[in-house]
1. Could you work out the relative contact order of chain A, using alpha carbon pairs under 8 angstrom and six or more residues apart, expressed as a whole percent?
2. If you take the charge dipole of the protein assembly as shown about its Cα centre, with +1 on Lys and Arg Cβ and -1 on Asp and Glu Cβ, which of A:Ala32, B:Ser286, B:Val325 is farthest toward its positive end?
3. Taking amide hydrogens as modeled 1.01 Å from N in the peptide plane, which residues meet the under 5 Å criterion relative to A:Val156, leaving out close sequence neighbours?
4. So, for the stretch A:6-49, what is the accessible surface per residue at a probe of 1.4 Å, expressed in square angstrom?
5. Estimate for me the total accessible surface buried between chains A and B (protein heavy atoms, probe 1.4 Å, no ligands or nucleic acids), in Å² to the nearest 100.
6. With no solvent and one point on each alpha carbon, what is the Debye value of log10 I(q)/I(0) for the stretch B:6-46 at q = 0.16, 0.31 Å⁻¹?
7. Once amide H atoms are placed 1.01 Å from N in the peptide plane, what residues at a sequence separation of 5 or more from A:Ala243, or on another chain, have their amide H within under 5 Å of its amide H?
8. Got a sec to turn the phi values of the stretch A:30-44 into Karplus ³J(HN,Hα) couplings, 6.51 cos²θ - 1.76 cosθ + 1.60 with θ = phi - 60°, whole Hz, x for Gly and Pro?
Number of protein chains: 2
Amino acid sequence: MAAATIKDVAREAKVSVASVSRAMNGGSGVTAETSLRIQQAADRLHYIPHAAARMLITRRTNTIGALLPDLYGEFFSELIRGIDLAARARGLHLLVSSSHDGLDEAAAAVRSMQGRVDGLLILSGRVDAAFLRANLPKTLPVVLLNSAVKSAAYSVLNVDNHAGASAMVRHLLKAGHANVAFIAGPEGNFDAAQRDKGYRAAMTRYAPDAPINIVPGDFSEESGYRAGRELLAQKHRPDAVFAANDMMAVGCLTAFKEAGLRVPQDIALAGFDDIPIARYVSPTLSTVRVRIVDLGRHALEHLAGLLENPDQSPATAQTLGCEIVVRESCGASTT
Amino acid sequence: MAAATIKDVAREAKVSVASVSRAMNGGSGVTAETSLRIQQAADRLHYIPHAAARMLITRRTNTIGALLPDLYGEFFSELIRGIDLAARARGLHLLVSSSHDGLDEAAAAVRSMQGRVDGLLILSGRVDAAFLRANLPKTLPVVLLNSAVKSAAYSVLNVDNHAGASAMVRHLLKAGHANVAFIAGPEGNFDAAQRDKGYRAAMTRYAPDAPINIVPGDFSEESGYRAGRELLAQKHRPDAVFAANDMMAVGCLTAFKEAGLRVPQDIALAGFDDIPIARYVSPTLSTVRVRIVDLGRHALEHLAGLLENPDQSPATAQTLGCEIVVRESCGASTT
DNA sequence: CTGAAAGCGCTTACAG
DNA sequence: CTGAAAGCGCTTACAG
């Protein structure tokens, strides 16, 4: 037995397919009685409208696509959760294409989503305005997450890395650590660059006499370890170290422990991201938390707004705040 | 300018739409020259076949749906990665609906996917055969992940929790810990039940004289802590403790430390899952690892097989192995 | 090899 | 309120 179609329901309820269609879509334009009879017939036949037929005629898929890079565990799942919850609340489906690391892969993914989605959510450090122009019809609503793209044509939703980093540096300074060093993230990474700027801005503003002290890193634990050793080898050891992400902070912590230093008594430490591990290292790691679920949720809601109001020009870049999480490693309680 | 349709391409290439269709689908039934002319016309017009129209006529969506519960970070992202990679390799799209905790929610999600997917991947501790019969057409291929369902009608792919737990218990016994206690997971949880059985089986087989010693837990860190205290209060303290998951092992470790016990010298400890935190607690936690990416990949590939060969009766339950990860906490090196 | 035509399952003006 | 009919963009027998 093949699935029932609108024709079957029409026959069963002894009405035209037009009436069935109306009844199934809210019932306006049909009497309550007719509608009820149709509903019952539909139930009897286990009728479910064919999605593709509907998409074809309405030009609406009720689906949004999410294009994501090869993301690390926690971040990925939180982001999807936020997007998924918001999508479900609005009756939208979610087509996911993740684990992309190359631009070509991303282009293929975006093209293959063509016609299957009403809008697109894109998180990618490498996608720029040129890529979007080349691979997407300008009619497709797009929301960019954590992107450096600055174009009136695309909506952008960013995490306020700058403010988060700045706030943490300020916190460290206020806790009495005069010299705060920074372990940078990978070059070309948008988040890393903004955290770097936040560090510099806070130092310039709140500790104009202290040196800007930046050592390189690449977001890996290993690079944090190397950075830690490098910092310890400096003539004037910093009082506090702010790593551009938690994994580097964890690596750095290992280096400090190996050198026999006590954290935070001898040297303070802070990271960025608030990954689960931050709570389990000892001392527990102070860090900056991003509400990733909210990031996903906001992104989807902004996109949904674009779908409902296509004429509305995309909002200028929006920003989502971070919050400082004070634990043991930054030595705030010792002041 | 609306998107180009097959008609536009036909006109541009001066052929019928039938020929365009053939050319776009591999080109069999058209001369190479005609095909080339059509391709060029299509490129000029930036033609992309309308997905919905194609679905409607071919009855194929080239999409698979994934229904997932409210999963914890790492597991979720790894699973999706495995599914996504395998799907992309086969040119399949991935429609995700996650974060379900109720059966009603799951039912609604599954129904709304109807007609949008060619097959379904379902991970859920609560979905049973009755649910599937009630909410899915029996023609839709389904692969169940980590499920207790035993029905010839559905394919099932499980993690070999039993073998993994059993192997860890055996390892602890071989390392010289005569009395191994077990911290159980939540009642009704499929993984937890299998790990429990694995513990019992290994004890019965390899340490028939030692007592089966099980204390309750619910997979939370907090419950692990309580279990740890409970174990310490026993008349005969166990030599080793095997927790049904890592989070409980971490909680248990805290209880041991508070009591002034050294792990593994005074008491050994092991968990299950190999979450990232396992590497960062001290001592580092021995555990059982599940290759989650492989779980996702295998599931998708099995489902894809079902799609290509619908007549083939679903394979009987398959199982994916685990591996023991020996770190400091189980005291294996001290034997 | 190529094309005209039917049809996939729906929605929506257009009449009545 | 209700129905007949056109049409969304494609694929695929069926002829030629």
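The values are calculated or read from the model by the stated rules, or taken from the named source; none is laboratory data. Please read all numbers here as calculations on a predicted model, not as lab measurements. Because the Cβ atoms are built from the backbone with ideal geometry, glycine has one as well, and the counts that use them run over all protein chains shown. What goes into the accessible areas is simple: the full protein's heavy atoms, side chains included, and nothing from ligands, DNA or RNA. Shrake-Rupley method; radii C 1.70, N 1.55, O 1.52, S 1.80 Å.
1. Averaging sequence separation for qualifying contacts and normalising by length gives 17 percent for chain A.
2. A:Ala32
3. A:Leu144, A:Ala317, A:Gln318
4. Result: 62 Å² per residue.
5. In total, this chain pair buries about 3700 Å².
6. -0.27, -1.07
7. A:Ile183, A:Ala270, A:Gly271
8. Once θ is set to phi - 60°, the couplings for the stretch A:30-44 become 9, 5, 4, 5, 4, 4, 5, 4, 5, 4, 5, 4, 4, 4, 4 Hz.
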